[in-house]
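One structure is given below, encoded as structure tokens.
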Amino acid sequence: MLTLTCPYCGVAAEETELAPGGEAHLKRFGPGASDEDFEGYLFARKNPKGVHFERWRHAYGCGKWFLAARCTATLEVFGTYPAQVSEPPPDIIAAIKAKRPDWKGYP
Amino acid sequence: MSTRLATGGRLIDRTAPLAFSFDGRALRGYAGDTLAAALLANDQMLIARSFKYHRPRGILAAGVEEPNALVGLGQGPRFEPDQRTTTTELFAGAATVSQNAWPSLNLDVGALNNLAARFLPAGFYYKTFMFPRFAWKHLFEPVVRLSAGIGRAPAEPDADRYEQAYDFTDVLVAGGGIAGLTAALAAAQNGQRVLVLEQTAHWGGRAPVDGIAIDGKPADAWVAETLAALKALPNVTLRRRTMVAGVHDHGYVIAQEAVADHLPGADLPRHRLWRIRAGRVIAATGAIERPLAFAGNDIPGVMLAAAVRDYVVNWAVSPGDRTVVVTNNDDAYRTALALLDAGLVVPAILDARASVTGALPAEARARGIRVLEGRGVAKIKGGKRVTAVQVCAQAGEGAALETIACDCVAMSGGFSPVVHLFSQPGGKLAWDAANGMFTPDPARAPTGADGRPFVTCAGAASGALLPAVCLADAHAAGGGTGPAPQATAPDEAPMQPVWMMPQGAPPALRAKMWLDFQNDVKVSDVQLAAREGYVSVEHTKRYTTLGMASDQGKISNINGLAILSDALGQPIPATGTTTFRPPYAPISFGAIAGEARGEIFQPLRRTPMHGWHEENGAHWEPVGLWRRPYCYPRAGETHAQAVNREVANTRQHLGLLDASTLGKILVKGPDAGRFLDMLYTGIMSTLPVGKCRYGLMCSENGFLIDDGVVVRLTEDSWLCHTTTGGADRIHAHMEDWLQCEWWDWQVYTANLTEQFAQVAVVGPNARKLLQALGGIDVSREALPFMTFAEGTLAGIPARVFRISFSGELSYEVAVPASHGLALWHACLAAGAELGAMPYGTEALHVMRAEKGFIMIGDETDGTVIPQDLGLGWAISKKKPDYIGKRAQERTHMTNPDRWKLVGLETLDGSVLPDGVLAPAPGVNANGQRLTQGRVTSTYFSPTLGRGIAMGLVLRGPDRMGEVLDFVAGGKTIKARICDQVFYDKDGEKQNV
Amino acid sequence: MSEPISALGGASAEGFARVTEAGPLGMITLRGDLAAPAVASAVKAATGCALPARRAITTQGENSAAWMSPDELLLLVPYPEAAATSATLEAALKGRHALVANVSDARALFRVTGPKADQVLAKLCPVDFATLPAAEIRRTRAAQVAAALWRSNPDEISLICFRSVARYMFDLLAVSARPGSELAPG
């Protein structure tokens, strides 16, 4: 069972205090978008073995959504960060590259 | 025979005798005994019958690894099957029964299976019960079920209580033997927070039994001193009777504390499940002795050598008068010496090694024991008890060289480090060929959240079997800086891996060599599996059932995979181990459930009026975690009659509904209108202050997820009502979009659901009631339909919303929850002469269905869009965007062939069954009948005196008047498609 | 006006710690920009409490201010004052983007009292009570429901949950405090 540190309140919360929200950094496509873009937004999800970016809500805590960079194979957590970004911030990217030199980078 | 020795026993208190029973026989033991020790002391070696062949089974081990000696323990609501006698502490009055035997342990009919053993090979089930197919369900399975399973399930609810608790630590040490205590002290002296968990009631592990000296002191004395030192440290917590069951991701550890197993009936939680977060886990879990595979090694009286020693030293129990020791290592000589010390006879030690020269063998020889080198067991003689050992050359094929009479055999095939806690979270093992064992590979340890290793094995668990290296290893594992404690023990010569005895045993002997004692898996079974093409150890495990029983192969796995490797002609590490999964040993369902039983199985949500409903005979309907009154049956009334009365009364006079459970979410801010326009399909930003509007919410997939009335409270704040089940979900949905998509919009939300109690006042007399309560002008002019007013009603601060879900003149009154009950009483009192009566959720449903209003969860099921429900009027055509809009433009969603909502009236006036389908001509690709419609809501309408229904029907609104056949339970019911509004189509009643 | 009735009317239970439902308490949710000096001064003016830092709870007399999230405070005042305090805050924050809501009736407050109060909560919450500081409010889970708790006195933990689950919470606490079930090591 994971523990993730909420970047808002600083609590190292265990998984039972969190609600999962799937893949992070999805770009919304609304009316006017092509079928392909909309399908990708709504249904196509990455499922990597390795570095992955996820949405989590500190549901039994401060209630805030945050994002986590995590290795799906080893469960190593590279970092958590606020949700108000459209791509992983540089410090998270740097932390991942330090641990996973072979990582191809975002996206 | 086995018996209690006159003296000795380091763990028993001879001043405290305890009476207990086995299969009804009254027996006596001492405080400090395990059940197994006490049974042996009473010469009860035969404990159970084996799973498959019903072979006699005795006590094999002295700890958690015991495969055989399981009993049913306790009586009535405290009965529990499969209790390991070797780990259960004896208590006064313990009632135990043998398992897997009928009619009795001594005369067991199932033992006929044993005679047919050669017809019950590995994979027997798979091979035998295949054909004919129908026979499995009707013939094979019932018979198999009768004889399968170990133990009898309890028949009564568990009388005990259980609980859970959380703990946090820097270092968790699993195991309170000398390695665990050494590691714990080292870690604690570094200032780390240390938690030490020991599965038994005793500290020190087996070092005191083995006669180890540490730092010049006997092990017992060193253990006592070290414990005292640990207890004196504020950063150390020690817990006995607490077994670490599992080590999981990110340092999450599950352990079970047997708080009151030894104190049955005490007013204490029986088990406590610890949920621990550890920065690091030190697994000082020791090693488990392996049996040797020789013919008849399962006959009662054949025991593990170290266990024999434990019984003699710890509990002063002699497992037999004459014990032959069979070994491939020096450690078993300690058993021979301990037996001599106790005045018992050791006729011989059979050592598989060709030459034996170590210090312990030397001592044995010096004390007059015959040590036979290069010898093994050809077979054990005996039925329910060992009577003799036939000796053979280990290098040969089993020709008997001599027969030695004995009543106990102490065998040792070497030791397997207990690596479970290292392996469970993903640690990898290395094969130590010299010692014939898998050891944890520190280079491939499991890693935690930070990517660093978090489980270390210490002492014997890491493969450091000899006392001297064991303590150094444990000291280092604990991060010790100074010198490690020094253990003094005789040197031991290398063991010699022996996987089969004798090494050239012919098939007849191999078919009597047990690997897995509990599941009856023999050497021949594993070899058969290999011949039949099983290469993967995981497949072989499942095919043969090796290691699948409640002991999970603690003693059998290594021997089994060595045999498999040999049969496959590959080295042992190439075969590998099966996966180590938690729990290490079984934990109780009670502990897993913890406090969650009875009244607190689940949180039950109550409105402020809950107690009144209860006192007034409400029949409850669960709605999510809430309980809502379904109806209020009166004496002699059925529920249906009560519902009909409540509907009629509400339509004719006045009904009161506790609507407190409705979701109420405040949305406020400069961008709140814009936000709600995105959230709802309709436009909320243009709603004038003081007005209400019905709104629909969809998922981004276009499907309808919730509905409710939105109220514009002020220029920048709206109150959004949600369904009862939707309050938390919709609030989370709002926060998701605000935090993760439109984070620059200035909007705040607050879930006020529980702040307000809400009462729906419904019916022709509704206005009169509110006027009687007084304080707010609720006249037709002052408070028109779909508006609200704020003020004081009956002296309570209140909001009155003029909205209707029944088609009647109706108000919903919201007051602070602390005054909810007062409002309810005020309504009842003032309503008495207006015909007021409470009504429940079923009357609410009937009335909304009479009006053709949809209900989330009835008309919607996650695949329905608002357009399917004729709710186009609530969808803005002007807005460029809302959540779900793009999805609703997909071709599938705009297809005219979708199922759409219509009313349904049966031709005979009967009530359609809920959920029934209307078949259509033809079949689909799977040969199933096509369908063209489904009933979503169906009720008896007391207002109309007949059944009414709504349903989703293929192009339904275009087929008005058409009659469909609905099929239910083989019966066909004809229903005509009609308008879904059955009552007051023009809405005159709610507009008075 | 009728007397306000708290969820359990002040029920209590005795065990190795004492569990009490504390009766009505004024509670106000304030959402806004906590970094804005105007918000801090509005809180100070309305309650006397300093703006709490992250996860902190500040107290002044009978009033407290608790940090709930980066843009949310929970203000605790005597029940009868909640409406007036809300109005004071509304007025002070007029013209700013902020949300003030009187939520005094939405929740239940419990006190768990005694030297072993921590052990009661340690059975229910995934919280390390050994390292929970005195002036911290911790939002977490108690068994199956959300809760917020803090050390309101030496040997006392206060806990807030939603009103509808007050009975569940009381039963949980009472069961966890049953005599003899202390988490004493052995």
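Each value in this text was obtained by applying a stated rule to the coordinates, not by laboratory testing. Bear in mind that the values here come from a model prediction, so they are computed numbers and not experimental data. A quick note on method: Cβ atoms are made from the backbone with ideal geometry, for glycine too, and the neighbour counts reach across all protein chains shown.
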Please find the FRET efficiency linking residue B:359 to residue B:262, where r is the Cβ-Cβ separation and R0 is fixed at 45 Å, and quote it to the nearest 0.05.
0.70
Reachable lysines from residue A:64, criterion Cα separation under 19 angstrom, eight or more residues apart if same chain:
B:668
Hey, in the GNM for chain A with a 10 angstrom Cα cutoff, which one of A:33, A:13, A:83 fluctuates hardest?
A:33
Calculate the mean, over all residues of peptide C:21-29, of how many other protein chain Cβ atoms lie within 10 angstrom of the residue's Cβ.
1
Using only C-alpha positions, report the orientation-averaged shadow area of the convex hull of chain B, nm², one decimal.
49.6 nm²
For segment B:394-462, count the residues as N, evaluate 2.2 N^0.38 Å, and divide the Cα radius of gyration by that value, please.
1.72
Once normalised by the length of segment B:795-865, the mean sequence separation of its alpha carbon contacts under 8 Å that are 6 or more apart gives a contact order in percent of 30 percent
Here the Kirkwood hydrodynamic radius of segment B:818-861, Cα-based and in Å, equals 12.7 Å
At 10 °C in a medium of viscosity 1.306 mPa s, segment C:134-186 has a Stokes-Einstein diffusion coefficient, with Rh taken as the Kirkwood radius over alpha carbon pairs, in µm² per second, of 128 µm²/s
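Segment B:3-115: Rg/Rh from Cα coordinates, Kirkwood Rh?
0.98
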At 0.36 nm per residue, minus the direct Cα-Cα distance, what do residue B:405 and residue B:946 gain on full extension? Give it in nm, one decimal, please.
185.8 nm
For segment B:826-940, the spread of Cα positions along each principal axis, largest first, Å
62, 45, 21
Using only helices, what value at 222 nm comes out for the protein assembly as shown when you add -39,500 (n - 2.57) per DSSP H run of length 4 or more and divide by the total residues, to the nearest 500 deg cm²/dmol?
-6000 deg cm²/dmol
Segment B:610-652 to segment B:160-192: how many Å between their Cα centroids?
55 Å
Quick check: Cα centre of segment C:45-62 to Cα centre of segment B:677-721, how many Å?
35 Å
Inside 10 Å of the C-beta atoms of B:729-740, what's the mean count of C-beta atoms belonging to other chains?
4
Would you kindly give the portion of the calculated P(r) for segment C:38-128 that falls above 16 Å, as a percent of all Cα pairs?
61 percent
Degrees between helix B:557-568 axis and first principal axis of chain B (Cα, 0 to 90, nearest 10)
80 degrees
Whole-Å semi-axes of the ellipsoid equivalent to segment B:516-612 (Cα gyration tensor, √5λ, descending)
47, 12, 11
Compute from the Cα atoms of segment B:291-413 the Rg and the Dmax, the latter being the longest Cα-Cα distance, and quote both in angstrom.
12.9, 39
Which number do you get for Rg(Cα) / (2.2 N^0.38 Å) in chain C?
1.05
Taking the mean number of other Cβ atoms within 10 Å as a proxy for protection, how do you rank B:710-718, C:131-139, B:10-18, B:470-478 from highest to lowest?
B:470-478, B:710-718, C:131-139, B:10-18
Note to self: Kirkwood Rh of segment B:735-861, Cα pairs, one decimal, Å, is 16.3 Å
With +1 at each Lys and Arg Cβ and -1 at each Asp and Glu Cβ, the charge dipole magnitude of chain B around its Cα centre, to the nearest 20 debye, comes out at 1620 debye
Descending Cα extents along the principal axes, segment B:896-992, whole Å:
55, 30, 18
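Normalise the Cα radius of gyration of segment B:305-371 by 2.2 N^0.38 Å (N = residues in it) and let me know the number.
Its radius of gyration relative to the 2.2 N^0.38 Å reference: 1.01.
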Among B:930-936, B:19-25, the order from most to least packed when residues are scored by Cβ within 10 Å on average
B:930-936, B:19-25
Calculate the radius of gyration of the Cα atoms of segment B:639-686 to one decimal place, then report Dmax, the largest Cα-Cα distance, as a whole number, both in Å.
18.5, 51
Taking each residue of B:594-600 in turn, how many C-beta atoms of other protein chains fall within 10 Å of its C-beta, and what is the average?
5
Determine the relative contact order of chain B: mean sequence separation of Cα pairs under 8 Å and six or more apart, normalised by residue count, in whole percent.
9 percent
Please report the projected area of segment B:680-757's Cα convex hull averaged over all directions, in nm².
5.5 nm²
As I understand it, the dipole of chain B uses +1 on the Cβ of Lys and Arg and -1 on the Cβ of Asp and Glu, about the Cα centre. Which of B:806, B:752, B:30 lies farthest toward its positive end?
B:30
Burial ranking of peptide ranges B:518-524, B:720-726, B:283-289, B:450-456 (average Cβ count within 10 Å, highest at the top):
B:283-289, B:518-524, B:720-726, B:450-456
What is the spread of the Cα atoms of chain A along each of their three principal axes, largest first, in whole Å?
41, 35, 23
Over all distinct Cα pairs, what is the inverse of the mean 1/r for the protein assembly as shown, reported as the Kirkwood hydrodynamic radius in Å?
35.3 Å
From the phi of every residue in segment B:652-659, what ³J(HN,Hα) in whole Hz does the Karplus formula 6.51 cos²θ - 1.76 cosθ + 1.60 yield, where θ is phi - 60° and glycine or proline is x?
9, 10, 7, x, 10, 10, 6, 9
Just how far, in whole angstrom, is segment C:95-122 from segment B:832-884 if you go by their alpha carbon centroids?
36 Å
Test item: Cα-centred dipole of the protein assembly as shown, Lys/Arg +1 and Asp/Glu -1 on Cβ, debye:
1540 debye
If you place +1 on the Cβ of every Lys and Arg and -1 on the Cβ of every Asp and Glu, how big does the dipole about the Cα centre of segment B:3-115 come out, in debye to the nearest 20?
160 debye
